[in-house]
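Take a look at the structure set out below.
The values are calculated or read from the model by the stated rules, or taken from the named source; none is laboratory data. Values in this document were obtained by computation on a predicted structure and should not be read as measured data. When we count neighbours, we look across all protein chains shown, and the Cβ atoms used for this are built from the backbone with ideal geometry, even at glycine. Protein only, heavy atoms only, side chains kept; ligands, DNA and RNA dropped before computing areas. Shrake-Rupley method; radii C 1.70, N 1.55, O 1.52, S 1.80 Å.
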Amino acid sequence: MATETETLRSLVATELERARDRTVLLTEAVDEDDLVRQHSPLMSPLVWDLAHVGNQEELWLVRDVGGREPVRRDIDELYDAFKHPRGDRPQLPLLGPAEARRYVATVRDKVLDVLDHTRLDGTPLVERAFAFGMIVQHEQQHDETMLATHQLRTGAPVLQAPPPPGSTTPVTGDVLIPAGPFTMGTTTEPWALDNERPAHQVDVPAYFIDRAPVTNEQYAAFLDAGGYDDERWWSTAGWRHRRSAGLSAPQHWQRDGDGWAYTRFGRTSRIVPDEPVVHVCFYEAEAYAAWAGKRLPTEAEWEKAARFDPATGRSRRFPWGDEPPTADQANLGQRHLRPAAVGAYPAGASPSGVHQLIGDVWEWTSSDFHGYPGFAAFPYREYSEVFFGSDYKVLRGGSFGTDAAACRGTFRNWDYPIRRQIFSGFRCARDA
Ligand SMILES: [Fe+2]
């Protein structure tokens, strides 16, 4: 009979393999030339992401957890994200595609051996396989980054996926979330990262929150009303950016007769009216919300709408409960190459009746990225703490390109308010 440790080991092995299958798919879909090229100054060449994934896996699991000899100490510096900004990475003497593939395979062989020989308890780093979970999430996060790079590359389409399910339930308007405390963050989620910890009480005044993310049709109405030319709706910083960057519509949108078309993964078509808008920056989201007479939710408001169960007073792991997502609850994991229409996931709604909080599009919140009360950096300051402050805004909920392993009700993403190459959308809130 399998022991608990054996069950955990086999779960880790499955998750590592699933992440690698996705990495392989994203890096084998293009030719060698495409792998080494930089498709946008905001992104690394795909071959950098590939070897960086292997290098982090080597550092944490082969050397740190396993105590084994380094595989390639000589390349640590090349793949240290803090040493080289993305724009400089193509100029580095990176491993070529074949060498990078051999490297990540060698590291993975060693890691599976380390997994077999590691007690998954005793220190915080290995307790309930935390370090392995961190590496699974890291690879999945880079897979989402690589998917964003695919969206920025030009040329014939190379990715294929079936369309997401259509809308089955009308989901409109907003819901009132009554005032009161709820538990934000987590102390018990085994693979939660340091910035999600610890669980703490937050007293949230009453507010309304949209039952669904803002759709293409709603966003197009803002465009057609001249929202991009009207300073009233924009914050000072947002208006400055709107003008200097020449923003006139979400990224990848273009005029198509009297409507709009967009290009996604190399294919251009009319925007789908009831699909959540994606590829907007924080400032665009903020301006839309002001035009609509609303505002962006705070991070606490987003999480309370997603996790708080008024019947029990406790916070769930996910809007639908504590069980990991099924295919009919959330659009995650690159199963589809686009967000699903609003109303496509009634089974994924929260107890408050808020839909599509998990998956589809990352949702901008109005909150800066800070540590929770009692925050402790783990396992290293560079994971989160060095990003705390007012430079970054928090995004919640994951996108169609986020894997379930790196997505839960407590998960926090952060980015600069001008960024929109990520799969970012939003929903609105208002005071009660
Ligand atoms: Fe990384």
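Results for (1) open to solvent by 10 Å² or more (accessible area, probe 1.4 Å); (2) away from the ligand (no atom under 16 Å from the Cβ); (3) outside any helix (DSSP H, G or I), shown as yes or no for each residue.
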| site | (1), (2), (3) |
| --- | --- |
| 137 | no, no, no |
| 141 | yes, no, no |
| 145 | yes, no, no |
| 158 | yes, yes, yes |
| 169 | yes, yes, yes |
* Could you list, in sequence order, the residues of segment 409-421 that are under 11 Å from the mean Cα position of the chain (by Cα) and open to solvent by 10 Å² or more (accessible area, probe 1.4 Å)? -> 411, 413, 414, 415
* One residue from 171, 214, 158 being in contact with a strand residue (DSSP E or B) (Cβ under 7 Å, 6 or more places away or on another chain) and at pLDDT 95 or above -> 214
* Asked: Which one is least open to solvent (accessible area, probe 1.4 Å), of the residues in segment 38-60 that are without any contact (Cβ under 8 Å) to a residue 60 or more places away in the chain and away from the ligand (no atom under 16 Å from the Cβ)?
  -> 38
* Can you tell me which of 116, 121, 203, 210 is away from the ligand (no atom under 16 Å from the Cβ) and in contact with a Cys (Cβ under 6 Å, 6 or more places away or on another chain)? -> 210
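Provide a single number: the residues in segment 66-87 that are outside any helix (DSSP H, G or I) and away from the ligand (no atom under 11 Å from the Cβ).
If we filter segment 66-87 for residues that are outside any helix (DSSP H, G or I), which is where we start, we get 66-72, 76-85.
Among the residues that remain, those that are also away from the ligand (no atom under 11 Å from the Cβ) are: 66-72, 76-78, 83-85.
The qualifying residues number 13.
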* From the residues in segment 264-295 that are in contact (Cβ under 8 Å) with a residue 24 or more places away in the chain and hydroxyl-bearing (Ser, Thr, Tyr), which one is farthest from residue 251 (Cα to Cα)? -> 288
* Restricting attention to segment 23-37, which residues are within 21 Å of the chain's Cα centre (by Cα) and either buried (at least 20 other Cβ atoms within 10 Å of the Cβ) or not in a helix (DSSP H, G or I) (or both)? -> 23, 26, 27
* Just checking, which of 63, 108 is open to solvent by less than 50 Å² (accessible area, probe 1.4 Å), part of a helix (DSSP H, G or I), free of Cβ contacts under 8 Å to residues at least 12 places away in the same chain and away from the ligand (no atom under 15 Å from the Cβ)? -> 63
